[in-house]
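Undergrad: The structure under discussion is supplied below as structure tokens; questions concerning it will follow.
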Amino acid sequence: MDLLVLGLPTSGKTSLTKVVFQKLPLHEAHSLGSSTSVEIINFTNNPYIQFKVYDIPSTIAFDEFCKPEHSAVQQCGALIYVIDAKATPYDKACASFNEAVVTLLKYVPKLNFEVFIHKVDGDTFTKGDEYKLECQKDIQTLIKSELASSEIEINVSYHFTSIYDHSLHDSFGKVIQKLWPQVHYIGNMLDSLITRCKIEKAFLFDILSKICLGTDSTPTDPQNYGICSDMIDLFIDMSYICLLYTSDAADERSSVDLGGRRIIKKKKKKQ
């Protein structure tokens with residue numbers, strides 16, 4: 001269930017992967033240059049869900065990269081193609097997406113195709129949703145035309161993303177949930193949880209990346225998702241500045257828990 005991330009230079013694909021999976025500070029995202037080699041990010045935060053994210057630069061021979069003898073593309077479950085919403089016209093980006101699809105289908109017949117309409121921030125897109133919808137309509141029309149010319153019929157999902165809000169983490173979560181076999185079991189358990197405990201909504205997050213791995217079947221309010229995401233940030237920040245004593249540490253003062261990490265202080269031997 002590995003992920004392939006592609007896009008034209010300056011589309012923001014490298015910065016968005018690093019913000020989510022490597023906690024890159026936002027003020028450093030703008031100084032990143034275009035990637036020149038394949039970067040692999042290992043998602044190994046917990047033993048229940050592990051995968052790799054391949055950041056593919058547009059300068060490499062993608063067809064050569066996808067060949068079985070050179071690549072692990074066969075292990076990938078989704079292509080995430082990043083399009084800069086501010087870089088109009090979108091003809092070149094949509095044509096590049098079509099070329100990537102044609103190449104991938106030679107080697108991976110079953111694959112999810114996701115388009116991240118990225119950088120939907122700033123004055124243009126904060127005026128109202130009509131600007132986002134118009135942008136998506138233009139991109140969707142061009143992609144349909146490109147795929148039709150290649151005689152390809154696939155389902156493409158579209159996501160609005162920005163590194164400045166929760167949309168990026170939410171979109172990655174939706175992509176991963178489609179690939180994770182256990183997501184249906186998680187959903188059933190969370191349904192049972194909210195019923196028995198009489199709570200409004202339940203999410204299962206990976207704390208370090210803030211990616212939602214599952215939720216119950218009730219409709220999701222973006223505001224609730226944002227509140228939960230903010231609480232994760234608060235918990236992580238507090239874990240670095242608070243010494244949280246565990247139950248056994250209460251009896252043993254030489255052992256404390258710092259943000260979930262046990263620290264054992266060795267006692268000095270008396271002379």
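The values are calculated or read from the model by the stated rules, or taken from the named source; none is laboratory data. Small disclaimer: the values here were computed from a predicted structure and weren't measured. Note that each Cβ is placed from the backbone with ideal geometry, even for glycine, and that neighbours are counted across all protein chains shown. The accessibility values were calculated without ligands, DNA or RNA, using every heavy atom of the protein model including side chains. Shrake-Rupley method; radii C 1.70, N 1.55, O 1.52, S 1.80 Å.
Undergrad: Going by the conditions given, is Leu133 open to solvent by less than 60 Å² (accessible area, probe 1.4 Å) and in a helix (DSSP H, G or I)?
TA: For Leu133, the condition - open to solvent by less than 60 Å² (accessible area, probe 1.4 Å) and in a helix (DSSP H, G or I) - is not met.
Undergrad: Of these, Asp2, Asp91, which one is in contact with a Cys (Cβ under 6 Å, 6 or more places away or on another chain), at pLDDT 85 or above and among the charged types (D, E, K, R)?
TA: Sole residue among the options that is in contact with a Cys (Cβ under 6 Å, 6 or more places away or on another chain), at pLDDT 85 or above and among the charged types (D, E, K, R): Asp2.
Undergrad: Sort through Lys210, Lys132, Lys201, Lys174 and tell me the only one that's under 13 Å from the mean Cα position of the chain (by Cα) and modelled with pLDDT under 90.
TA: Working: Lys132 fails: under 13 Å from the mean Cα position of the chain (by Cα); Lys201 fails: under 13 Å from the mean Cα position of the chain (by Cα); Lys174 fails: modelled with pLDDT under 90.
Just one listed residue meets the conditions, Lys210.
Undergrad: If you don't mind, there's one more thing I want to ask. With respect to Tyr107, is the statement that it is out of contact with any strand residue (DSSP E or B) (no Cβ under 9 Å at 6 or more places or on another chain), open to solvent by 50 Å² or more (accessible area, probe 1.4 Å), hydroxyl-bearing (Ser, Thr, Tyr) and closer than 25 Å to Phe43 by Cβ true?
TA: Details: out of contact with any strand residue (DSSP E or B) (no Cβ under 9 Å at 6 or more places or on another chain): yes; open to solvent by 50 Å² or more (accessible area, probe 1.4 Å): yes; hydroxyl-bearing (Ser, Thr, Tyr): yes; closer than 25 Å to Phe43 by Cβ: yes.
In short, yes.
Undergrad: For region 1-41, give me each residue that is more than 25 Å from Ala72 (Cα to Cα) and either free of Cβ contacts under 8 Å to residues at least 40 places away in the same chain or touching a Lys or Arg at 6+ places or on another chain (Cβ under 9 Å) (or both).
TA: Matches in region 1-41: Leu24, Pro25, His27, Glu28, Ala29, His30, Ser31, Leu32, Gly33.
Undergrad: Moving on to the next point. Just checking, which of Thr36, Thr17 is β-branched (Val, Ile, Thr) and surrounded by fewer than 20 Cβ atoms within 10 Å (Cβ to Cβ)?
TA: Only one candidate passes the filter, namely Thr36.
Undergrad: Here are Phe51, Phe43, Phe113: which of them is under 13 Å from Ile143 (Cβ atoms) and modelled with pLDDT of 80 or more? Steps first, answer last, please.
TA: On the way: Phe51 fails: under 13 Å from Ile143 (Cβ atoms); Phe43 fails: under 13 Å from Ile143 (Cβ atoms).
Phe113 is the lone residue from the list that is under 13 Å from Ile143 (Cβ atoms) and modelled with pLDDT of 80 or more.
Undergrad: Can I ask one more? Give me a count of the residues in region 51-70 that are charged (D, E, K, R) and either within 25 Å of the chain's Cα centre (by Cα) or closer than 16 Å to Gly7 by Cα (or both). Lay out the reasoning, then the answer.
TA: The initial filter retains those residues of region 51-70 that are charged (D, E, K, R), namely 52, 55, 63-64, 67, 69.
In the following step, the residues that additionally are either within 25 Å of the chain's Cα centre (by Cα) or closer than 16 Å to Gly7 by Cα (or both) were identified as 52, 55, 63.
The number of residues fulfilling the criteria is 3.
Undergrad: Looking only at region 218-236, filter to residues that are within 16 Å of Gly173 (Cβ to Cβ) and among the hydroxyl-bearing types (Ser, Thr, Tyr); which one of those is most open to solvent (accessible area, probe 1.4 Å)?
TA: Among them, the one singled out is Thr220.
Undergrad: Hey, can you tell me all the residues within region 186-210 that are open to solvent by 80 Å² or more (accessible area, probe 1.4 Å), more than 25 Å from Tyr164 (Cβ to Cβ) and in contact (Cβ under 8 Å) with a residue 24 or more places away in the chain?
TA: Residue satisfying the conditions is Glu200 alone.
Undergrad: Among the residues of region 54-87, which ones are among the β-branched types (Val, Ile, Thr), over 21 Å from Asn155 (Cβ atoms) and in contact with a Leu (Cβ under 9 Å, 6 or more places away or on another chain)?
TA: Ile56
Undergrad: What are the residues in region 191-226 that are touching a Leu at 6+ places or on another chain (Cβ under 8 Å) and of a type in the set (A, V, I, L, M), if any?
TA: Ile199, Ala202, Leu204, Leu213
Undergrad: Take Phe172 and tell me if it is open to solvent by less than 40 Å² (accessible area, probe 1.4 Å) and either in contact (Cβ under 8 Å) with a residue 24 or more places away in the chain or of a type outside the set (Asp, Glu) (or both).
TA: Here the answer is yes, as Phe172 does meet what is asked.
Undergrad: Does Glu99 qualify as being modelled with pLDDT of 85 or more, surrounded by fewer than 17 Cβ atoms within 10 Å (Cβ to Cβ) and touching a helix residue (DSSP H, G or I) at 6+ places or on another chain (Cβ under 9 Å)?
TA: Yes.
Undergrad: If you take the residues of region 50-87 that are of a type in the set (Ser, Thr, Tyr) and farther than 18 Å from Phe113 by Cα, which of them is surrounded by the fewest Cβ atoms within 10 Å (Cβ to Cβ)? Before the answer, list the steps.
TA: Taking region 50-87 first, the residues of a type in the set (Ser, Thr, Tyr) are 54, 58-59, 71, 81.
Filter once more, so that each one left must be farther than 18 Å from Phe113 by Cα: 59, 71.
Details: Thr59: 11, Ser71: 17.
That would be Thr59.
Undergrad: Moving to a separate point now. Going through region 174-185 one residue at a time, which ones are outside any loop (DSSP other than H, G, I, E, B) and out of contact with any helix residue (DSSP H, G or I) (no Cβ under 9 Å at 6 or more places or on another chain)? Outline the logic, then answer.
TA: We begin by selecting, within region 174-185, every residue outside any loop (DSSP other than H, G, I, E, B); these are 174-179, 183-185.
Across region 174-185, the qualifying residues are Lys174, Val175, Lys178, Leu179, His184, Tyr185.
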